[in-house]
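Worksheet: the structure to be examined is printed underneath.
The values are calculated or read from the model by the stated rules, or taken from the named source; none is laboratory data. Note that the structure is a prediction, hence the values are computed from the model and not measured. Heads up, the Cβs are rebuilt from the backbone with ideal geometry, glycines too, and the neighbour counts pull from every protein chain shown. When the accessible area is computed, the model is the full protein with side chains, heavy atoms only, and any ligands, DNA or RNA have been set aside. Shrake-Rupley method; radii C 1.70, N 1.55, O 1.52, S 1.80 Å.
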Amino acid sequence: MRRAMVRVQTTVNGQPAEFLCEPRQSLLECLRDILGLTGTKEGCNDGNCGACAVIMDGRLVNSCLVLGVEAEGRTILTIEGLARGSELHPIQRAFLEQGAVQCGFCTPGLILATKALLDRIADPSEAEIRRWLANHLCRCTGYDKVVRAVRQAAAELKEACR
Amino acid sequence: MKWFDYAAPGSLTEAFELLARHPGARPLAGGTDLLVQMRAGERQADLLVDVKRIPELNELGCDASGTLRLGAAVPCCVISESELVRRRWPALAEVAAMIGGVPIQSRASLGGNLCNAAPSADGPPVLMVLRAICRVAGPSGERRLPVEEFCIGPGKTVLAPGELLVGFEIPPPEPASGACYLRFTPRAEMDIAVAGAAAAVRVEGEAIGWARLALSAVAPTPLLVREAGEYLAGKPATEDAIRAAAEIARDAARPISDVRGTAEHRRRLVSVLAERALRVAVARAREAQA
Ligand SMILES: Cc1cc2nc3c(=O)[nH]c(=O)nc-3n(C[C@H](O)[C@H](O)[C@H](O)COP(=O)(O)OP(=O)(O)OC[C@H]3O[C@@H](n4cnc5c(N)ncnc54)[C@H](O)[C@@H]3O)c2cc1C
Ligand code: FES
Ligand code: FES
């Protein structure tokens, strides 16, 4: 066995990023511990809670179930990539305004799930929203406020497209 | 996780070389089973061979005869969004949209679902009733076998060391046929089946031409219940016939009791789910006939 660290070249939040990692390190560990992007959270580390969700090549993934080395050549969006300077993304604003954030631990994952959803379905039904968020656990909000936030964000983004 | 190396070969030849050279190697598709198991210490590997960059394993399309060629590593999201699959094999699109949740479907493949050989996997029963053929390849060539012969026990398959599941071939849907998969889970999303049933049916006028029924989570492997299909062939498509076939499925089930449910509960679920899945499959077949 070679037991060699691997150099990974990728794009994170629109910027080229390069890091050295062990093949066994998850993308979640690489983002948090190597790149210092601690907005992405570790909950269960086995695919069940969605706290670690990021968008890779346009698809929502649980970064705990992706190896860092698999990010080679891919494009990654994390929660840090949403706001423009001090201006929050409409989805982030909707979560704040609807009280869909309490402790905030689930929030980065939920916001990225919302982004992935609205990029695909501009005007989702409540059933579609709940299906898209089903992989995300939130101990605080009871989900209804989250669904309202997604609705608000959908409406605002649609308005902005006009 | 213990240390392992990683390789992402771009061809089957390269993958077979890697697997042959490293007896401790394991294929990696979406990783939604494998990485969880390795982190839990249930499985070890000193080399993960990522199969997602091999063209044959990413195929999704029809050949000249209308047969679906589905690569083993195609993620569920691509299957459920495919217009071709939704139109011709809706039950396949539906099960791809049922496995895990959205971020799981971005990664999870039906090849991994089958190779992991969990009795509770949702994909295999659907592949069985759709008569899918597995394409298995290794350094010495390719062999083909029906999906129902692929799993031989919990976590065990017919794959020899160094072999890969390349993909599935699913014959074109016959006219006046329909298929459906139903499972029982305590939660609507993000849960593992306590039991599941897939059915495919062809109707000929008021009668059933042929039928296939397969079950998940009620035997050491996903289970094709041939007797249920044989019983239905040629019978009028009535509620009585469907109920009798569901009873045959219940008797064929060999469930165990575990955290998800008792054997008795599972047997009861099989008759209910098989009955409902057959009913939906018949309705879809009639729709296709109309
Ligand atoms: C939160 C969560 C929810 C889930 N929900 C469901 C569910 O609802 N229903 C369900 O059925 N499953 C579910 N699963 C299990 C899992 O997602 C599926 O079984 C999935 O289809 C596995 O595919 P994969 O591509 O991720 O496989 P991997 O994890 O990459 O591989 C699985 C196994 O197959 C082997 N393998 C993979 N590809 C090949 C190949 N081409 N040739 C030879 N061997 C190969 C690997 O070595 C490994 O042993 C869930 C998992 C999680 C984490
Ligand atoms: S930490 Fe990845 S899904 Fe929970
Ligand atoms: S806000 Fe606390 S877990 Fe969701």
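Close amide-amide hydrogen proximity is noted between residue B:209 and B:202, B:203, B:204, B:234, each under 5 Å apart and 5 or more residues distant or on a separate chain (H modeled in the peptide plane; Pro and chain starts excluded).
Here the Debye sum runs over all C-alpha atoms of the stretch B:177-289 as equal scatterers in vacuum, and log10 of I(q)/I(0) at q = 0.23 Å⁻¹ comes out as -1.15. Checking the cross-link pairs A:158/B:52; A:41/B:2; A:145/B:2; B:2/B:52; A:115/B:52; A:41/B:156 against a 29 Å limit on the alpha carbon distance flags A:158/B:52; A:145/B:2; A:41/B:156 as lying beyond it.
Between residue B:37 and residue A:121, the simple label model (points 7 Å from Cα in the Cβ direction) yields a spacing of 3.2 nm.
The eigenvalues of the Cα gyration tensor, multiplied by 5 and square-rooted, give chain B an equivalent ellipsoid with semi-axes of 33, 22, 16 Å from largest to smallest. Remark: the stretch B:18-34, residue by residue, has Karplus-estimated 3J(HN,Hα) of 4, 5, 6, 6, 10, x, x, 8, 9, x, 10, 9, x, x, 6, 9, 5 Hz, where x stands for each Gly or Pro and the curve is 6.51 cos²θ - 1.76 cosθ + 1.60 at θ = phi - 60°. Ligands, DNA and RNA left out, the accessible area of the stretch A:94-162 computed with a 1.4 Å probe is 52% carbon and sulfur. Can you give the convex hull volume per residue for the Cα atoms of the stretch B:121-163, as a whole number of Å³? Cα convex hull per residue, to the nearest whole number: 68 Å³. To the nearest 10, the accessible area of residue B:43 is 60 Å² with a 1.4 Å probe. Here the protein assembly as shown is treated with +1 on each Lys and Arg Cβ and -1 on each Asp and Glu Cβ, and its dipole about the Cα centre works out to around 440 debye.
For chain A, would you read off the P(r) tail past 24 Å as a percentage of all alpha carbon pairs? It works out to 33 percent of all Cα pairs.
With all projection directions averaged, the alpha carbon convex hull of the stretch A:90-160 covers 4.0 nm². Overall form of the stretch B:1-93: oblate. Here a/c, set by the Cα gyration tensor axes a ≥ b ≥ c, is 1.5 or more, and a/b is not larger than b/c.
Over the stretch A:43-89, with every protein chain in place, what whole percent of the accessible area is carbon and sulfur at 1.4 Å, could you tell me? Using a 1.4 Å probe with all protein chains present, the stretch A:43-89 comes out at 44 percent carbon and sulfur. Distant-in-sequence amide contacts of residue B:176, defined by a placed amide H-H separation under 5 Å and a gap of 5 or more residues or a different chain, comprise B:289.
Of the residues making up the stretch B:1-44, those losing 20 Å² or more of accessible area when the isolated chain is joined by the remaining protein chains, with a 1.4 Å probe, are B:1, B:3, B:4, B:5, B:6, B:22, B:35, B:36, B:39.
For the stretch A:6-81, the alpha carbon convex hull comes to 71 Å³ per residue, rounded to a whole number. Modelled spin labels at residue B:238 and residue B:1, positioned 7 Å past Cα toward Cβ, are 5.7 nm from each other.
Per the Debye formula on identical point scatterers at the alpha carbon atoms of the protein assembly as shown, with no solvent, log10 I(q)/I(0) at q = 0.07, 0.09, 0.11, 0.12 Å⁻¹ is -0.37, -0.62, -0.91, -1.06. For chain B, the solvent-accessible area works out to 40 Å² per residue, with a probe of 1.4 Å and every protein chain left in place. If R0 is 22 Å, the Cβ-Cβ spacing of residue B:142 and residue B:84 corresponds to a FRET efficiency of close to 0.40. Converting phi to 3J(HN,Hα) with the Karplus coefficients 6.51, -1.76 and 1.60 and the offset θ = phi - 60°, the stretch A:146-156 yields 5, 4, 4, 5, 5, 4, 4, 4, 4, 5, 5 Hz in sequence order, with x at every glycine or proline. Residues whose amide H falls under 5 Å from that of residue B:5, counting only those 5 or more places apart or on a different chain, are B:47, B:48, with hydrogens built in the peptide plane. Coordinate range of the alpha-carbon atoms in the stretch B:1-50 per principal axis, descending: 31, 20, 12 Å. Within 10 Å of the Cβ of each residue in A:119-131, the mean number of Cβ atoms contributed by other protein chains is 1.
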